[in-house]
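Okay, structure first, notes after.
Quick note: the coordinates plus some simple rules give every number you see, no bench work behind them. Remember, it's a predicted structure, so these values are computed and weren't measured experimentally. A quick note on method: Cβ atoms are made from the backbone with ideal geometry, for glycine too, and the neighbour counts reach across all protein chains shown.
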Amino acid sequence: MKALGTLLLLMGGLWVRQSLLQRHRERIQAGEELIAALQILERGVYTLRRPMGELVEQCRATGRLTAPFWGAVARGMAAGDSFQRAWQTEVNRLPEPYGTLLLPLWQTLPAGTGADLLHQVREDVYQAVGQARQESGERSKLVTALCLSASLLTAVVLL
C-alpha cells in the first residue's frame, strides 16, 4: 500500500511537471506558427500581391495557437476597420515577445513596402523561438528535479 501511495505521489509530481512546462511549449509553438504566417504574408504581399483579407484568412487557417489573433484581425477588417487599425488593436493577443516584434508591420504590409522590415521581423521571431527552446531545455531539467524531489520528500514524510 505504501508503494502504491509513493507511486501515486511520483505520478502526481510528473503531472505537475507537464502542466508547468506546457505553457512554455505553447509559446514556442505559437512562435513557429507566426514564422509560417510571416512567410505567407511575405509571399502574398510582395510576390503575389494578394488582398490582405485573403492573406489574413490563410494565416488563420494555418495556425492553431495564433488563430485567435488572425481571426480578430479578420473580424476587425470585416467590421470596417482598416488592416492597420485591426493589427494595432489585436497584436496584444499574441504571447510576448511576439506581439512587440510584430507591431511595426501595421504600416508596411498593406502598402506593399518594407520587405526588409518583414524579413527582419521574421528573423527576430525565429531568434525568439530559438531562445525559448534553449530556455525550455534548461527549465525542463529544473522543473523535473523540483517536482520529483517534492514528490519524494512528501512520500518520505508520509511514510
Check your understanding: What list of ³J(HN,Hα) values in whole Hz, one per residue of the range 16-23 in order, does the Karplus curve 6.51 cos²θ - 1.76 cosθ + 1.60 (θ = phi - 60°) give from phi, with Gly and Pro shown as x?
Key -> 4, 4, 4, 5, 5, 7, 4, 4
Revision key, fill the gap. Note on the chain: contact order normalised by length, alpha-carbon pairs under 8 Å, 6 or more apart, percent, works out to 35
Revision key, fill the gap. Note on the range 31-141: C-alpha Rg/Rh, Kirkwood Rh, two decimals, gives 0.98
Revision key, fill the gap. Checked against the positive end of the charge dipole of the chain (+1 on Cβ of Lys and Arg, -1 on Cβ of Asp and Glu, about the Cα centre), the farthest of 112, 129, 39 is 129
Point to revise | Order of 24, 119 under a 10 Å beta carbon neighbour criterion, fewest first | key: 119, 24
Check your understanding: Helix 67-78: angle to the longest alpha-carbon principal axis of the chain, degrees 0 to 90, nearest 10?
Key -> 30
Revision key, fill the gap. In debye to the nearest 20, the charge dipole size for the range 31-141, taken about the Cα centre with +1 at each Lys and Arg Cβ and -1 at each Asp and Glu Cβ, equals 240
Study note, to complete from the structure: Ordered by number, the trypsin sites (Lys or Arg not before Pro) in the range 1-66 that occupy a DSSP loop and have at most 13 other Cβ atoms within 10 Å are 49, 64
Revision key, fill the gap. If 54, 33 are placed from fewest to most neighbouring beta carbons inside 10 Å, the sequence is 54, 33
